[in-house]
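Student: A single structure is presented below for examination.
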Amino acid sequence: MSEKNIILTGDRPTGRLHLGHYVGSLKNRVAMQNEGNFDKMYVMIADSQALTDNFDNPEKIRENLIEVALDYLSVGIDPEKVTIFVQSQVEELTELTFYFLNLVTLSRLERNPTVKTEIKLRNFETSLPAGFLIYPVSQAADILLFDANIVPVGIDQEPMLEQAREIARSFNNIYGEVFIEPQAVLPENETARRMPGIDGNAKMSKSLGNAIYLADDAATVKKKVMSMYTDPDHINIDDPGKIEGNIVFTYLDVFSNESQFEKYLPEYKNLDELKDHYRRGGLGDVKVKKFLIKVLEEELAPIRERRAQYEKNIDQVLAILEKGTNDAKAAGRVKIDAVKAAMGIDYFADDSYIAAIKEKYNN
């Protein structure tokens, strides 16, 4: 069993990635990649998992596969340091999921808090696809096939990690020590753990249409920021304003720094001074929003530029995905061989089994 530091993370290709993904996981992945405190890092495009609730619309997954790959590369994920692969093309993941299904009960899957929330969100209460219900088992296979012990996730995914740990323990107890138990790495910034939507909704989401996408152009970002939810009682500039629940200030908490005040809003030393002015009145929403636009453009402009370069070299993107997927398949095959040996189902590779059979029937 591996004692290396192996990182695995990924996203479903159901749409382009947005600022919620960026601050919740992508920035952290790039930081971990650049720090280099790992032996191997995998980033998975989870297209098989996306099909569990998009089974009737595979074209959506096909269209967004490359979009997600472009988002990865544009934020700075480096294919020279990280293995980017496509989930459905690694058959070993499907095989391991099948074995793991014997180690978890139906009632345990139904109790998973993340699954319960997602079932309600998708209105699956009366007609639940079996593939969707078992996706925590599939996620466990994604992690455990590669011996990943470090899994950067959003806080809402922690129940999935616990499920993976339970499955690893069950397998090890029955068949011997084959898997390590993975640990979650959460964003340090509490707000970044669940980035709110521009409409004030508790979570930025592709399905809710309240997201700023990494691929949005400058005009689109400006339009979305200007439409952001603020304090509904802050009608006139002179009115005192509330910071709590004001999405513009939430975004500034995550993205702004003091150097940006010096460049774009020198009458304030920092965000605290800006907040104090807003609370006592005399500061309009438009001024704060214009500042946020400049802050976001500092973050998004280089991402947009890198994306444009990769869009001009799409053959390179496809080659990156193919190589990463082949590397993942090779690593997965080694682990599957170990799993089958532990389970005693490696019949034709087990010389002692072959010898015992021959002895039994040839004599």
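The values are calculated or read from the model by the stated rules, or taken from the named source; none is laboratory data. Remember, it's a predicted structure, so these values are computed and weren't measured experimentally. Methodologically, a virtual Cβ is constructed for each residue, glycine included, from the backbone with ideal geometry; neighbour enumeration extends over all protein chains shown. To get the accessible areas, we keep the full protein, side chains included, count just its heavy atoms, and leave off ligands, DNA and RNA. Shrake-Rupley method; radii C 1.70, N 1.55, O 1.52, S 1.80 Å.
Student: Scan region 292-346 residue by residue and report those that are surrounded by 15 or more Cβ atoms within 10 Å (Cβ to Cβ), free of Cβ contacts under 8 Å to residues at least 60 places away in the same chain and of a type in the set (A, V, I, L, M, F, W, C).
Tutor: 295, 341
Student: Within region 1-56, restricting attention to residues that are in a loop (DSSP other than H, G, I, E, B) and among the acidic types (Asp, Glu), which residue is nearest to residue 194 (Cα to Cα)?
Tutor: This residue is 53.
Student: Select, from 214, 133, 145, the only residue that is more than 30 Å from residue 255 (Cβ to Cβ), in contact with a Lys or Arg (Cβ under 8 Å, 6 or more places away or on another chain), modelled with pLDDT of 85 or more and not hydroxyl-bearing (Ser, Thr, Tyr).
Tutor: Exactly one residue qualifies, and that residue is 145.
Student: Tell me which residues, restricted to region 109-150, are closer than 30 Å to residue 40 by Cβ and among the basic types (Lys, Arg).
Tutor: Within region 109-150, no residue meets the criteria.
Yes or no, residue by residue, for (1) without any contact (Cβ under 8 Å) to a residue 40 or more places away in the chain; (2) of a type in the set (S, T, N, Q); (3) farther than 30 Å from residue 69 by Cα:
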site: 173; (1), (2), (3): yes, yes, yes
site: 183; (1), (2), (3): yes, yes, no
site: 203; (1), (2), (3): no, no, no
site: 223; (1), (2), (3): yes, no, no
site: 235; (1), (2), (3): yes, no, yes
site: 242; (1), (2), (3): yes, no, yes
site: 255; (1), (2), (3): no, no, no
site: 265; (1), (2), (3): yes, no, yes
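Student: Related question: What is the residue count in region 25-42 for residues that are within 21 Å of residue 66 (Cα to Cα) and of a type in the set (Gly, Ala, Ser)?
Tutor: Adding up the residues that qualify gives 1.
Student: Related question: Quick one: which helices (runs of 4 or more DSSP H) lie wholly within region 244-323 and hold at least 1 residues that are under 30 Å from residue 72 (Cβ atoms), over 25 Å from the mean Cα position of the chain (by Cα) and polar (S, T, N, Q)? Explain how you work it out, then say what you get.
Tutor: Working: elements: 247-255, 258-264, 271-280, 285-311.
Per the criteria, 258-264.
Student: Would you mention how many residues in region 137-162 are open to solvent by 30 Å² or more (accessible area, probe 1.4 Å) and over 15 Å from the mean Cα position of the chain (by Cα)?
Tutor: So the count comes out to 2.
Student: Among the residues of region 221-231, what is the count of those that are open to solvent by 90 Å² or more (accessible area, probe 1.4 Å) and assigned to a loop (DSSP other than H, G, I, E, B)?
Tutor: Within region 221-231, the subset open to solvent by 90 Å² or more (accessible area, probe 1.4 Å) is 222-223, 229.
Remaining after also requiring assigned to a loop (DSSP other than H, G, I, E, B): 229.
So the answer is 1.
Student: Which fully enclosed helices (runs of 4 or more DSSP H) of region 57-136 have 2 or more residues being open to solvent by less than 20 Å² (accessible area, probe 1.4 Å) and closer than 18 Å to residue 206 by Cβ?
Tutor: Values: elements: 58-75, 91-100, 106-111, 113-121, 130-133.
Helices (runs of 4 or more DSSP H) meeting the threshold: 58-75.
Student: Further question: Name the residues in region 74-101 that are more than 20 Å from residue 339 (Cα to Cα) and in contact with a strand residue (DSSP E or B) (Cβ under 8 Å, 6 or more places away or on another chain), would you?
Tutor: The answer is 77, 81, 82, 83, 84, 85, 86.
Student: Failed condition for residue 124, given (1) touching a residue at least 12 places away in the same chain (Cβ under 8 Å); (2) over 23 Å from residue 87 (Cα atoms); (3) under 22 Å from the mean Cα position of the chain (by Cα), with all others met?
Tutor: Here residue 124 clears every test but (3).
Student: Only one residue in 166, 162 is farther than 20 Å from residue 340 by Cβ, touching a residue at least 60 places away in the same chain (Cβ under 8 Å) and out of contact with any His (no Cβ under 8 Å at 6 or more places or on another chain). Which one?
Tutor: Just one listed residue meets the conditions, 166.
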